[in-house]
1. With Thr252, Thr248, Thr282 as the choices, which residue is touching an Asp or Glu at 6+ places or on another chain (Cβ under 6 Å), closer than 20 Å to Cys209 by Cβ and surrounded by 12 or more Cβ atoms within 10 Å (Cβ to Cβ)?
2. Just for helices (runs of 4 or more DSSP H) wholly inside the stretch 346-406: which have at least 1 residues that are at pLDDT 80 or above and among the β-branched types (Val, Ile, Thr)?
3. For the stretch 339-346, check the following and say yes or no: at least one residue is within 30 Å of Ala74 (Cβ to Cβ), without any contact (Cβ under 8 Å) to a residue 24 or more places away in the chain, under 25 Å from the mean Cα position of the chain (by Cα) and assigned by TED's automatic domain parsing to the domain that holds Leu194.
4. Could you please find all residues in the stretch 63-108 being under 24 Å from the mean Cα position of the chain (by Cα) and in a loop (DSSP other than H, G, I, E, B)?
5. Checking Met324 against (1) closer than 18 Å to Ile173 by Cα; (2) of a type outside the set (Gly, Ala, Ser); (3) surrounded by fewer than 20 Cβ atoms within 10 Å (Cβ to Cβ), which single condition isn't satisfied?
6. Any idea which residue in the stretch 139-167 is nearest to the chain's Cα centre (by Cα), counting only those that are farther than 16 Å from Ile63 by Cα and aliphatic (A, V, I, L, M)?
7. For Glu266, state whether it is in contact with a helix residue (DSSP H, G or I) (Cβ under 9 Å, 6 or more places away or on another chain) and either more than 17 Å from Gly374 (Cα to Cα) or assigned to a strand (DSSP E or B) (or both).
Amino acid sequence: MAEVTARKRGSTWSYSFELARVDGKRKRKEKGGFRTKKEALEAGVKAKSEYDNSGQTFTPSEISVADYMDYWIANYVKVNCSLNTLEAYEGIVKNHIKPELGTYKLKSITPAILQEFINKIHMRGYSKNMIVNIKSVLSGAFEYATDTKFISDTPATRIKLPKFAKEKKERSIVTTEQFDKIVTRFDKDTNFYLPIMLGYHCGLRIGECFGLTWDCIDFKAMTLTINKALNYDDANKKWYYSPPKTKTSNRTILLGTTILNLLKKERIKQRENKLRYGEFYTSQYVRDVKTSGRHLQYIEECMNANICTAPKVEPVCVKENGSMLTTGSFRYCSRVIHYELGIPKFDYHSLRHTHATILIENGANVKDVQERLGHTNIETTLNTYVHNTDNMKKESVDIFERAINQ
(Lines give C-alpha, C1' and ligand atoms only; values in the text may rest on other atoms or scores of the structure.)
Protein backbone atom coordinates (compact mmCIF):
# COMPACT_ATOMS: atom_id res chain seq x y z
CA MET A 1 0.00 0.00 0.00
CA ALA A 2 1.35 3.44 -0.94
CA GLU A 3 2.74 5.72 1.75
CA VAL A 4 1.52 9.19 2.63
CA THR A 5 1.99 11.73 -0.16
CA ALA A 6 1.63 15.50 -0.20
CA ARG A 7 0.74 17.93 -2.97
CA LYS A 8 0.16 21.64 -3.27
CA ARG A 9 -3.33 22.78 -4.15
CA GLY A 10 -3.45 26.53 -4.63
CA SER A 11 -1.73 28.19 -1.69
CA THR A 12 -2.04 25.22 0.72
CA TRP A 13 -0.85 21.62 0.96
CA SER A 14 -2.84 18.38 1.18
CA TYR A 15 -1.91 14.87 2.28
CA SER A 16 -3.38 11.62 0.98
CA PHE A 17 -2.96 7.88 1.42
CA GLU A 18 -4.63 4.78 0.13
CA LEU A 19 -7.52 3.19 2.02
CA ALA A 20 -8.60 -0.44 2.01
CA ARG A 21 -10.13 -1.47 -1.31
CA VAL A 22 -13.92 -1.73 -1.59
CA ASP A 23 -15.24 -4.08 -4.29
CA GLY A 24 -11.68 -4.24 -5.62
CA LYS A 25 -11.57 -0.49 -6.30
CA ARG A 26 -8.94 1.82 -4.89
CA LYS A 27 -9.95 4.58 -2.50
CA ARG A 28 -7.87 7.37 -1.02
CA LYS A 29 -8.14 9.57 2.05
CA GLU A 30 -7.22 13.20 1.37
CA LYS A 31 -7.22 16.29 3.58
CA GLY A 32 -5.95 19.80 2.78
CA GLY A 33 -5.51 23.23 4.29
CA PHE A 34 -1.91 22.90 5.58
CA ARG A 35 0.52 25.82 5.27
CA THR A 36 3.57 23.75 4.37
CA LYS A 37 4.41 20.39 2.84
CA LYS A 38 6.03 19.33 6.12
CA GLU A 39 2.86 20.03 8.10
CA ALA A 40 0.77 18.11 5.58
CA LEU A 41 3.08 15.07 5.70
CA GLU A 42 3.24 15.05 9.50
CA ALA A 43 -0.54 15.19 9.76
CA GLY A 44 -0.84 12.52 7.07
CA VAL A 45 1.55 10.14 8.83
CA LYS A 46 -0.39 10.55 12.07
CA ALA A 47 -3.72 10.00 10.33
CA LYS A 48 -2.45 6.91 8.52
CA SER A 49 -1.06 5.52 11.75
CA GLU A 50 -4.43 5.90 13.40
CA TYR A 51 -6.12 4.38 10.35
CA ASP A 52 -3.79 1.38 10.31
CA ASN A 53 -4.12 0.86 14.07
CA SER A 54 -0.48 -0.17 13.95
CA GLY A 55 -0.17 -0.92 17.69
CA GLN A 56 -1.79 -4.36 17.37
CA THR A 57 0.37 -7.43 17.99
CA PHE A 58 -2.06 -9.60 16.00
CA THR A 59 -1.62 -9.43 12.21
CA PRO A 60 -5.12 -8.93 10.81
CA SER A 61 -6.46 -8.88 7.27
CA GLU A 62 -6.31 -5.75 5.12
CA ILE A 63 -9.93 -6.24 4.06
CA SER A 64 -12.30 -3.27 4.24
CA VAL A 65 -15.43 -3.31 6.39
CA ALA A 66 -17.56 -3.12 3.21
CA ASP A 67 -15.94 -6.18 1.63
CA TYR A 68 -16.00 -8.09 4.91
CA MET A 69 -19.73 -7.41 5.34
CA ASP A 70 -20.33 -8.89 1.87
CA TYR A 71 -18.29 -11.93 2.93
CA TRP A 72 -20.25 -12.32 6.18
CA ILE A 73 -23.62 -12.04 4.40
CA ALA A 74 -22.60 -14.65 1.80
CA ASN A 75 -20.91 -17.13 4.12
CA TYR A 76 -22.90 -16.89 7.33
CA VAL A 77 -26.23 -15.07 7.02
CA LYS A 78 -27.39 -16.76 3.80
CA VAL A 79 -26.53 -20.16 5.21
CA ASN A 80 -27.90 -19.83 8.75
CA CYS A 81 -30.71 -17.25 8.76
CA SER A 82 -34.22 -17.04 7.39
CA LEU A 83 -34.96 -15.19 4.16
CA ASN A 84 -36.64 -12.34 6.06
CA THR A 85 -33.59 -11.97 8.32
CA LEU A 86 -31.27 -12.06 5.30
CA GLU A 87 -33.20 -9.25 3.58
CA ALA A 88 -33.28 -7.18 6.78
CA TYR A 89 -29.51 -7.59 7.35
CA GLU A 90 -28.70 -6.76 3.74
CA GLY A 91 -30.72 -3.55 4.06
CA ILE A 92 -28.92 -2.51 7.26
CA VAL A 93 -25.51 -3.22 5.76
CA LYS A 94 -26.30 -1.38 2.53
CA ASN A 95 -28.07 1.65 4.01
CA HIS A 96 -26.24 2.21 7.29
CA ILE A 97 -23.01 0.28 7.84
CA LYS A 98 -21.36 0.61 4.42
CA PRO A 99 -21.96 4.38 4.00
CA GLU A 100 -20.46 5.16 7.43
CA LEU A 101 -17.88 2.41 8.04
CA GLY A 102 -17.33 0.78 4.65
CA THR A 103 -13.96 2.35 3.82
CA TYR A 104 -12.37 1.52 7.17
CA LYS A 105 -10.03 -1.42 7.37
CA LEU A 106 -11.71 -4.16 9.35
CA LYS A 107 -8.68 -4.33 11.64
CA SER A 108 -8.94 -0.60 12.41
CA ILE A 109 -12.45 -0.68 13.87
CA THR A 110 -12.41 0.07 17.60
CA PRO A 111 -15.16 0.15 20.23
CA ALA A 112 -14.98 3.96 20.11
CA ILE A 113 -15.62 4.03 16.35
CA LEU A 114 -18.63 1.75 16.69
CA GLN A 115 -19.98 3.72 19.66
CA GLU A 116 -19.69 6.99 17.72
CA PHE A 117 -21.51 5.34 14.80
CA ILE A 118 -24.37 4.14 17.03
CA ASN A 119 -24.61 7.56 18.70
CA LYS A 120 -24.78 9.24 15.30
CA ILE A 121 -27.60 6.95 14.19
CA HIS A 122 -29.41 7.79 17.42
CA MET A 123 -28.99 11.54 16.87
CA ARG A 124 -30.59 11.18 13.44
CA GLY A 125 -33.81 10.14 15.12
CA TYR A 126 -33.92 6.43 14.34
CA SER A 127 -36.15 4.28 16.54
CA LYS A 128 -34.84 2.12 19.34
CA ASN A 129 -35.87 -0.97 17.41
CA MET A 130 -33.82 0.05 14.37
CA ILE A 131 -30.73 0.86 16.47
CA VAL A 132 -31.01 -2.46 18.30
CA ASN A 133 -31.16 -4.23 14.92
CA ILE A 134 -28.07 -2.35 13.65
CA LYS A 135 -26.21 -3.23 16.86
CA SER A 136 -27.22 -6.89 16.40
CA VAL A 137 -25.80 -6.90 12.87
CA LEU A 138 -22.52 -5.38 14.06
CA SER A 139 -22.27 -7.83 16.95
CA GLY A 140 -22.97 -10.83 14.75
CA ALA A 141 -20.61 -9.73 11.99
CA PHE A 142 -17.67 -8.94 14.26
CA GLU A 143 -18.14 -12.10 16.31
CA TYR A 144 -17.93 -14.10 13.10
CA ALA A 145 -14.82 -12.10 12.15
CA THR A 146 -13.08 -13.31 15.30
CA ASP A 147 -14.25 -16.89 14.74
CA THR A 148 -12.82 -16.84 11.22
CA LYS A 149 -9.58 -15.14 12.34
CA PHE A 150 -10.05 -11.89 10.41
CA ILE A 151 -9.48 -10.04 13.69
CA SER A 152 -8.27 -11.13 17.13
CA ASP A 153 -11.08 -9.65 19.22
CA THR A 154 -14.50 -8.21 18.54
CA PRO A 155 -14.94 -4.48 19.27
CA ALA A 156 -18.74 -4.78 19.16
CA THR A 157 -19.28 -6.33 22.60
CA ARG A 158 -18.69 -2.99 24.30
CA ILE A 159 -21.28 -0.99 22.33
CA LYS A 160 -23.77 0.70 24.66
CA LEU A 161 -27.23 1.66 23.46
CA PRO A 162 -28.19 5.32 23.95
CA LYS A 163 -30.92 6.12 26.45
CA PHE A 164 -34.39 6.23 24.97
CA ALA A 165 -37.59 7.63 26.33
CA LYS A 166 -39.56 4.65 27.57
CA GLU A 167 -41.84 3.54 24.80
CA LYS A 168 -44.97 1.65 25.64
CA LYS A 169 -46.33 -0.02 22.57
CA GLU A 170 -50.09 -0.04 22.62
CA ARG A 171 -51.60 -3.43 22.01
CA SER A 172 -55.08 -3.31 20.56
CA ILE A 173 -57.78 -5.49 22.09
CA VAL A 174 -60.94 -6.12 20.12
CA THR A 175 -64.01 -5.51 22.29
CA THR A 176 -67.09 -7.72 22.00
CA GLU A 177 -68.94 -4.90 20.25
CA GLN A 178 -66.09 -4.37 17.78
CA PHE A 179 -65.80 -8.10 17.05
CA ASP A 180 -69.54 -8.27 16.34
CA LYS A 181 -69.15 -5.39 13.88
CA ILE A 182 -66.22 -7.13 12.18
CA VAL A 183 -67.93 -10.50 11.71
CA THR A 184 -71.13 -8.78 10.60
CA ARG A 185 -69.20 -6.95 7.87
CA PHE A 186 -67.13 -10.05 7.00
CA ASP A 187 -69.75 -12.73 7.58
CA LYS A 188 -69.80 -16.46 6.75
CA ASP A 189 -70.23 -15.76 3.04
CA THR A 190 -66.96 -13.80 2.76
CA ASN A 191 -63.39 -15.04 2.33
CA PHE A 192 -62.16 -13.45 5.55
CA TYR A 193 -64.66 -14.89 8.05
CA LEU A 194 -62.64 -18.06 8.66
CA PRO A 195 -59.22 -16.33 9.08
CA ILE A 196 -60.80 -13.86 11.53
CA MET A 197 -62.40 -16.66 13.54
CA LEU A 198 -59.15 -18.66 13.60
CA GLY A 199 -57.26 -15.67 14.99
CA TYR A 200 -59.96 -14.96 17.58
CA HIS A 201 -60.50 -18.55 18.74
CA CYS A 202 -56.93 -19.88 18.46
CA GLY A 203 -54.62 -16.87 18.98
CA LEU A 204 -52.68 -17.53 15.77
CA ARG A 205 -50.17 -15.21 14.18
CA ILE A 206 -51.20 -14.09 10.70
CA GLY A 207 -48.54 -16.17 8.93
CA GLU A 208 -49.53 -19.23 10.98
CA CYS A 209 -53.20 -18.78 10.05
CA PHE A 210 -52.62 -18.53 6.30
CA GLY A 211 -50.01 -21.29 6.51
CA LEU A 212 -52.56 -23.83 7.79
CA THR A 213 -53.29 -26.83 5.59
CA TRP A 214 -56.03 -29.38 6.13
CA ASP A 215 -53.59 -32.01 7.36
CA CYS A 216 -53.00 -29.68 10.35
CA ILE A 217 -56.58 -30.30 11.57
CA ASP A 218 -57.44 -33.46 13.48
CA PHE A 219 -61.22 -33.46 13.72
CA LYS A 220 -61.34 -36.60 15.85
CA ALA A 221 -58.81 -35.37 18.43
CA MET A 222 -60.18 -31.79 18.15
CA THR A 223 -56.68 -30.35 17.66
CA LEU A 224 -54.91 -27.92 15.38
CA THR A 225 -51.18 -28.23 14.68
CA ILE A 226 -49.09 -25.16 13.81
CA ASN A 227 -46.01 -26.41 11.94
CA LYS A 228 -45.40 -23.73 9.30
CA ALA A 229 -46.09 -20.12 8.38
CA LEU A 230 -46.82 -18.40 5.08
CA ASN A 231 -44.26 -15.80 3.94
CA TYR A 232 -43.54 -13.80 0.81
CA ASP A 233 -40.23 -13.72 -1.05
CA ASP A 234 -39.96 -10.17 -2.44
CA ALA A 235 -36.97 -11.02 -4.62
CA ASN A 236 -38.64 -13.92 -6.41
CA LYS A 237 -42.25 -12.68 -6.08
CA LYS A 238 -43.41 -15.99 -4.64
CA TRP A 239 -45.22 -17.21 -1.54
CA TYR A 240 -43.51 -19.93 0.47
CA TYR A 241 -43.88 -21.97 3.65
CA SER A 242 -41.30 -21.64 6.40
CA PRO A 243 -41.02 -23.05 9.94
CA PRO A 244 -42.92 -21.08 12.61
CA LYS A 245 -41.32 -18.07 14.32
CA THR A 246 -39.61 -20.03 17.14
CA LYS A 247 -39.20 -23.66 18.22
CA THR A 248 -42.02 -23.27 20.75
CA SER A 249 -44.24 -21.81 18.02
CA ASN A 250 -44.34 -25.33 16.57
CA ARG A 251 -47.27 -26.59 18.63
CA THR A 252 -50.57 -28.47 18.78
CA ILE A 253 -53.56 -26.84 20.49
CA LEU A 254 -57.03 -28.01 21.43
CA LEU A 255 -60.01 -26.60 19.53
CA GLY A 256 -63.34 -25.52 20.96
CA THR A 257 -66.58 -26.77 19.43
CA THR A 258 -67.38 -23.38 17.84
CA ILE A 259 -64.25 -23.18 15.69
CA LEU A 260 -64.20 -26.95 15.12
CA ASN A 261 -67.74 -26.93 13.70
CA LEU A 262 -66.86 -23.96 11.51
CA LEU A 263 -63.83 -25.85 10.14
CA LYS A 264 -65.99 -28.90 9.42
CA LYS A 265 -68.46 -26.79 7.44
CA GLU A 266 -65.60 -25.10 5.57
CA ARG A 267 -64.10 -28.47 4.63
CA ILE A 268 -67.43 -29.63 3.18
CA LYS A 269 -67.93 -26.32 1.34
CA GLN A 270 -64.48 -26.50 -0.27
CA ARG A 271 -65.11 -30.04 -1.50
CA GLU A 272 -68.43 -28.92 -2.98
CA ASN A 273 -66.74 -25.95 -4.68
CA LYS A 274 -64.09 -28.26 -6.12
CA LEU A 275 -66.80 -30.43 -7.72
CA ARG A 276 -68.68 -27.37 -8.97
CA TYR A 277 -65.63 -25.71 -10.55
CA GLY A 278 -64.25 -28.96 -11.90
CA GLU A 279 -61.14 -28.46 -14.05
CA PHE A 280 -61.24 -24.73 -13.30
CA TYR A 281 -60.67 -25.22 -9.57
CA THR A 282 -57.23 -23.97 -8.46
CA SER A 283 -54.94 -26.29 -6.51
CA GLN A 284 -51.66 -25.60 -4.71
CA TYR A 285 -48.36 -27.45 -4.95
CA VAL A 286 -45.09 -27.03 -3.07
CA ARG A 287 -41.71 -27.15 -4.75
CA ASP A 288 -38.44 -27.26 -2.82
CA VAL A 289 -36.17 -24.57 -4.21
CA LYS A 290 -32.62 -23.74 -3.18
CA THR A 291 -32.13 -19.98 -3.05
CA SER A 292 -29.50 -17.92 -1.24
CA GLY A 293 -28.02 -21.14 0.10
CA ARG A 294 -31.33 -22.23 1.71
CA HIS A 295 -34.14 -24.63 0.84
CA LEU A 296 -37.61 -23.08 0.74
CA GLN A 297 -41.02 -24.56 -0.05
CA TYR A 298 -42.37 -22.30 -2.78
CA ILE A 299 -46.07 -22.52 -3.52
CA GLU A 300 -47.33 -22.91 -7.07
CA GLU A 301 -50.97 -22.59 -8.12
CA CYS A 302 -52.31 -24.64 -11.00
CA MET A 303 -55.69 -25.68 -12.43
CA ASN A 304 -54.35 -28.71 -14.32
CA ALA A 305 -53.15 -31.49 -12.01
CA ASN A 306 -51.52 -33.26 -14.97
CA ILE A 307 -49.11 -30.35 -15.47
CA CYS A 308 -48.08 -29.90 -11.81
CA THR A 309 -46.01 -32.84 -10.63
CA ALA A 310 -44.88 -31.31 -7.31
CA PRO A 311 -46.43 -32.50 -4.02
CA LYS A 312 -49.93 -31.13 -3.50
CA VAL A 313 -51.06 -29.18 -0.43
CA GLU A 314 -54.53 -28.09 0.64
CA PRO A 315 -54.58 -24.69 2.38
CA VAL A 316 -57.39 -24.12 4.86
CA CYS A 317 -57.93 -20.48 3.87
CA VAL A 318 -58.81 -20.26 0.17
CA LYS A 319 -61.21 -18.40 -2.08
CA GLU A 320 -64.31 -20.01 -3.60
CA ASN A 321 -62.38 -21.10 -6.71
CA GLY A 322 -59.60 -22.65 -4.62
CA SER A 323 -56.99 -19.91 -5.09
CA MET A 324 -54.97 -18.94 -2.03
CA LEU A 325 -55.78 -16.35 0.57
CA THR A 326 -52.60 -14.75 1.90
CA THR A 327 -51.37 -12.24 4.45
CA GLY A 328 -51.38 -9.77 1.56
CA SER A 329 -55.05 -10.51 0.87
CA PHE A 330 -55.89 -9.60 4.47
CA ARG A 331 -54.73 -6.00 3.97
CA TYR A 332 -58.04 -5.25 2.24
CA CYS A 333 -59.91 -6.59 5.26
CA SER A 334 -57.82 -4.43 7.62
CA ARG A 335 -58.45 -1.29 5.56
CA VAL A 336 -62.21 -1.86 5.71
CA ILE A 337 -62.06 -2.40 9.46
CA HIS A 338 -59.98 0.78 9.89
CA TYR A 339 -61.94 3.18 7.72
CA GLU A 340 -65.41 1.73 7.25
CA LEU A 341 -65.93 0.24 10.70
CA GLY A 342 -63.93 2.91 12.54
CA ILE A 343 -61.50 0.61 14.38
CA PRO A 344 -58.16 2.28 13.46
CA LYS A 345 -55.82 0.27 15.72
CA PHE A 346 -56.93 -3.14 14.46
CA ASP A 347 -54.52 -5.56 12.84
CA TYR A 348 -54.54 -9.35 12.71
CA HIS A 349 -52.38 -9.51 15.83
CA SER A 350 -55.20 -7.75 17.71
CA LEU A 351 -57.11 -11.02 17.52
CA ARG A 352 -54.16 -12.81 19.14
CA HIS A 353 -53.96 -10.21 21.93
CA THR A 354 -57.69 -10.49 22.48
CA HIS A 355 -57.60 -14.29 22.62
CA ALA A 356 -54.91 -14.25 25.33
CA THR A 357 -56.62 -11.53 27.35
CA ILE A 358 -60.01 -13.28 27.32
CA LEU A 359 -58.36 -16.48 28.58
CA ILE A 360 -56.44 -14.80 31.42
CA GLU A 361 -59.35 -12.55 32.35
CA ASN A 362 -61.55 -15.60 32.80
CA GLY A 363 -59.13 -17.58 34.94
CA ALA A 364 -57.14 -19.65 32.43
CA ASN A 365 -53.80 -21.03 33.59
CA VAL A 366 -51.06 -18.66 32.38
CA LYS A 367 -48.71 -21.55 31.58
CA ASP A 368 -51.34 -23.09 29.32
CA VAL A 369 -51.90 -19.72 27.60
CA GLN A 370 -48.13 -19.47 27.03
CA GLU A 371 -48.05 -22.88 25.36
CA ARG A 372 -51.20 -22.14 23.37
CA LEU A 373 -49.65 -18.97 21.94
CA GLY A 374 -46.28 -20.65 21.37
CA HIS A 375 -44.23 -18.26 23.49
CA THR A 376 -40.70 -19.22 24.51
CA ASN A 377 -41.08 -17.81 28.03
CA ILE A 378 -43.99 -16.91 30.26
CA GLU A 379 -42.83 -13.29 30.69
CA THR A 380 -43.76 -12.59 27.07
CA THR A 381 -47.27 -13.85 27.72
CA LEU A 382 -47.68 -11.75 30.85
CA ASN A 383 -45.98 -8.55 29.71
CA THR A 384 -46.99 -8.36 26.07
CA TYR A 385 -50.29 -10.10 25.58
CA VAL A 386 -52.10 -9.95 28.91
CA HIS A 387 -53.76 -6.58 29.44
CA ASN A 388 -54.89 -5.10 32.71
CA THR A 389 -58.50 -4.65 31.67
CA ASP A 390 -61.30 -3.04 33.67
CA ASN A 391 -62.67 -6.50 34.49
CA MET A 392 -59.30 -7.53 35.91
CA LYS A 393 -59.12 -4.37 38.02
CA LYS A 394 -62.61 -4.96 39.41
CA GLU A 395 -61.83 -8.61 40.12
CA SER A 396 -58.75 -7.53 42.14
CA VAL A 397 -60.87 -5.23 44.29
CA ASP A 398 -63.55 -7.91 44.76
CA ILE A 399 -60.91 -10.47 45.82
CA PHE A 400 -59.56 -8.06 48.45
CA GLU A 401 -63.03 -7.21 49.74
CA ARG A 402 -63.94 -10.88 50.08
CA ALA A 403 -60.66 -11.56 51.91
CA ILE A 404 -61.07 -8.84 54.55
CA ASN A 405 -64.75 -9.56 55.15
CA GLN A 406 -64.48 -13.29 55.68
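The values are calculated or read from the model by the stated rules, or taken from the named source; none is laboratory data. If you're wondering where the values come from, they're calculated on a predicted model, not measured in any experiment. Don't worry about glycine lacking a Cβ; one is built from the backbone with ideal geometry, like all the others, and counts go over all protein chains shown.
1. Values: Thr252 fails: touching an Asp or Glu at 6+ places or on another chain (Cβ under 6 Å); Thr248 fails: touching an Asp or Glu at 6+ places or on another chain (Cβ under 6 Å).
Just a single option satisfies the conditions, and that option is Thr282.
2. Details: elements: 348-361, 366-373, 390-404.
Filter on the stretch 346-406 gives 348-361, 366-373.
3. Of all residues in the stretch 339-346, those within 30 Å of Ala74 (Cβ to Cβ) come to none.
The answer is no, given that none of the residues of the stretch 339-346 is within 30 Å of Ala74 (Cβ to Cβ), without any contact (Cβ under 8 Å) to a residue 24 or more places away in the chain, under 25 Å from the mean Cα position of the chain (by Cα) and assigned by TED's automatic domain parsing to the domain that holds Leu194.
4. Listed by number, the residues that qualify are Cys81, Ser82.
5. (1)
6. Leu161
7. On the way: in contact with a helix residue (DSSP H, G or I) (Cβ under 9 Å, 6 or more places away or on another chain): yes; either more than 17 Å from Gly374 (Cα to Cα) or assigned to a strand (DSSP E or B) (or both): yes.
Yes, satisfied.
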